[in-house]
Amino acid sequence: AKDVLSRDTCTCQMDNGHLVEGLQEASLETVVPWDGSNHVMLVLGEHAGQVGQLLEQKLERGRALVQMGWDPQMLPLPYDSICHYLGGSED
C-alpha cells in the first residue's frame, strides 16, 4: 500500500509505478515473498508490532507459522495478520 485513506481503503502502487486509488481491503491479498530472510511483522493480535521469522506458509488454509525471536514456540497465525518486514533482524 502506498497510502491508507481510511480503515478499509488504500492507494497501492503497482510494480510498473501505476497508482490504483480507492482499493477496498477485501480486494487485496496478503503476499509475503519467500526470500532469504523471511522476516515478517505481525500487524494484528497480541503480538502486533513484533518481528518474527516466517517458517511455513499454508496459503490454501490462509495460515502462517511464525517464530518470534529466539522463543522456540511457533505461532500458527492467520495469514492476513502478518506482512513482509524489510527492516533489520531484531533477534
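The values are calculated or read from the model by the stated rules, or taken from the named source; none is laboratory data. Everything numeric here is computed off the predicted structure, so don't read it as measured data. Here the Cβ positions follow ideal geometry from the backbone for every residue, glycine too, while neighbour counts run over all protein chains shown. Just so you know, the surface numbers come from the protein's heavy atoms only, side chains and all, with ligands and any DNA or RNA stripped out. Shrake-Rupley method; radii C 1.70, N 1.55, O 1.52, S 1.80 Å.
Tell me the residue from 60, 29, 46, 21 that is over 13 Å from the mean Cα position of the chain (by Cα) and within 24 Å of residue 3 (Cα to Cα), please.
21
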Original post:
Does any residue of the range 55-62 turn out to be closer than 17 Å to residue 87 by Cα and among the charged types (D, E, K, R)?
Top reply: no
Original post:
Out of the range 33-55, which residues are in contact (Cβ under 8 Å) with a residue 40 or more places away in the chain, among the aliphatic types (A, V, I, L, M) and open to solvent by 50 Å² or more (accessible area, probe 1.4 Å)?
Top reply: 41, 43
Original post:
Of the numbered conditions (1) closer than 22 Å to residue 87 by Cα; (2) open to solvent by less than 60 Å² (accessible area, probe 1.4 Å), residue 20 satisfies every one except a single condition; which is it?
Top reply: (1)
Original post:
For residue 87, all conditions in the list (1) surrounded by 12 or more Cβ atoms within 10 Å (Cβ to Cβ); (2) in a loop (DSSP other than H, G, I, E, B) hold save one; what is the number of the exception?
Top reply: (1)
Subject >> Filtered residues of the range 8-17 (kept if among the hydrophobic types (A, V, I, L, M, F, W, C), out of contact with any helix residue (DSSP H, G or I) (no Cβ under 9 Å at 6 or more places or on another chain) and either assigned to a strand (DSSP E or B) or more than 20 Å from residue 84 (Cα to Cα) (or both)) >> reply: 12
**OP:** Identify, from the list 30, 11, the residue that is of a type in the set (Ser, Thr, Tyr), surrounded by 12 or more Cβ atoms within 10 Å (Cβ to Cβ) and touching a Lys or Arg at 6+ places or on another chain (Cβ under 6 Å).
**Re:** 11
**OP:** Give the number of residues within the range 56-78 that are open to solvent by 60 Å² or more (accessible area, probe 1.4 Å) and either assigned to a strand (DSSP E or B) or among the small types (Gly, Ala, Ser) (or both).
**Re:** 6
